[in-house]
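Undergrad: What follows is a single structure, and I will ask about it in a moment.
The values are calculated or read from the model by the stated rules, or taken from the named source; none is laboratory data. All values derive from a computational prediction rather than experimental measurement. Note: ideal-geometry Cβ built from the backbone for every residue, glycine included; neighbour counts use all protein chains shown. Areas reflect the complete protein model, heavy atoms only, side chains present, ligands, DNA and RNA absent. Shrake-Rupley method; radii C 1.70, N 1.55, O 1.52, S 1.80 Å.
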Amino acid sequence: TFAAQQGGSFSQASGWYDASSTINVTATPSQGYAFTGWSALGNFSISSIGENATITVNGAGSVSANFEGVDLTPPSIASTLPANGSTSTSGSVAISASYSDNVAIDPASVVLKVDGSNVTSGATVTATGIAYNTTLAAGSHSVELTVKDTSGNPRTATWTFSVPQPASGFPMEYIIAIIAVVVVIAVLAFFLARRKKS
């Protein structure tokens, strides 16, 4: 007797076979399932390499192909900072994101790239999120974060943000004070020039 448990199919039909005959069989998992092994009971020998097996018949028996469901759902990435399309308040930038999965995240799989450079080694990585602090020049910057779950399903998120040009070297109040002094000097010069004429 040949049978496939839920999650797959068996290449061979049940029936009568001559003693000492050799039968090659294959188990095929369905979408979302993985082959986990063979179950055998009876008077025969079985040798297998994964989903393929060779059975030598010595008497009556049964063979089953076993399958189990596999995780096909990739992780989710959320709370990316700085927000996509935003402008940072300064060149000192805190980059972070959170992630989750229906089973579990593999922290060793997390890769963070800023402007194409891998900066993961300088980041704080946990099973639920990543944080990275850096100083960036003025202009547009890109972030790419890749995460895999313990089943190997990947998820990648990309976003961009900008760092503003640095403020002028002189604070605005200094500029206003300088303008005021220039105006005062100009007014004094004007009055001094009128006195000399009179």
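Undergrad: Please state which one of V163, V183, V147 is closer than 20 Å to S88 by Cα and of a type outside the set (D, E).
TA: On inspection, the qualifying residue turns out to be V163.
Undergrad: Another question, then. Among strands (runs of 3 or more DSSP E) lying entirely in the range 82-180, which contain 3 or more residues that are of a type outside the set (A, V, I, L, M) and under 30 Å from G69 (Cα atoms)?
TA: 92-100, 154-163
Undergrad: Continuing with this model, one more query. State yes or no: is L81 surrounded by 15 or more Cβ atoms within 10 Å (Cβ to Cβ), closer than 30 Å to V163 by Cα and free of Cβ contacts under 8 Å to residues at least 24 places away in the same chain?
TA: yes
Undergrad: What pairs come out if I take residues in the range 110-128 that are small (G, A, S) and pair them with residues that are open to solvent by less than 50 Å² (accessible area, probe 1.4 Å) whose C-beta lies under 6 Å away, six or more apart or interchain?
TA: A123/L112; A123/I130; A123/Y132; A127/I105
Undergrad: Testing S79 on (1) among the polar types (S, T, N, Q); (2) in a loop (DSSP other than H, G, I, E, B); (3) closer than 24 Å to S151 by Cα, one condition comes back false. Which one is that?
TA: Single failed check for S79: (2).
Undergrad: Name the one entry in T150, T146 that is surrounded by 12 or more Cβ atoms within 10 Å (Cβ to Cβ) and under 16 Å from A78 (Cα atoms).
TA: Answer to the selection: T146.
Undergrad: Further question on the same structure: Quick test of your reading of the structure: V114 fulfils all but one of (1) open to solvent by 50 Å² or more (accessible area, probe 1.4 Å); (2) under 13 Å from A94 (Cα atoms). Name the failing condition by number.
TA: Just one mismatch for V114, condition (1).
Undergrad: Looking at the range 90-108, which of its residues are in contact with a Pro (Cβ under 8 Å, 6 or more places away or on another chain) and either over 23 Å from Q165 (Cα atoms) or of a type outside the set (G, A, S) (or both)?
TA: Within the range 90-108, V93, I95, Y99, S100, D101, I105 meet the criteria.
Undergrad: Evaluate the following for I95: is it over 12 Å from the mean Cα position of the chain (by Cα), surrounded by 14 or more Cβ atoms within 10 Å (Cβ to Cβ) and under 16 Å from W159 (Cα atoms)?
TA: yes
Undergrad: Are any of the residues in the range 63-74 open to solvent by 20 Å² or more (accessible area, probe 1.4 Å), touching a residue at least 60 places away in the same chain (Cβ under 8 Å) and among the acidic types (D, E)?
TA: Scanning the range 63-74, I find at least one residue that is open to solvent by 20 Å² or more (accessible area, probe 1.4 Å), touching a residue at least 60 places away in the same chain (Cβ under 8 Å) and among the acidic types (D, E), so the answer is yes.
Undergrad: Right, something else. Taking only the range 64-75 into account, find how many residues are of a type in the set (V, I, T) and modelled with pLDDT of 90 or more. Show your work before the answer.
TA: Taking the range 64-75 and keeping what is of a type in the set (V, I, T), we get 70, 73.
Applying the additional criterion that residues be modelled with pLDDT of 90 or more yields 73.
Of the residues in the range 64-75, 1 are of a type in the set (V, I, T) and modelled with pLDDT of 90 or more.
Undergrad: Among strands (runs of 3 or more DSSP E) lying entirely in the range 1-52, which contain 1 or more residues that are modelled with pLDDT of 90 or more and open to solvent by 40 Å² or more (accessible area, probe 1.4 Å)? It would help to see each step written out before you state the result.
TA: Values: elements: 2-4, 8-10, 22-29, 33-49.
Answer list for the range 1-52: 8-10, 22-29, 33-49.
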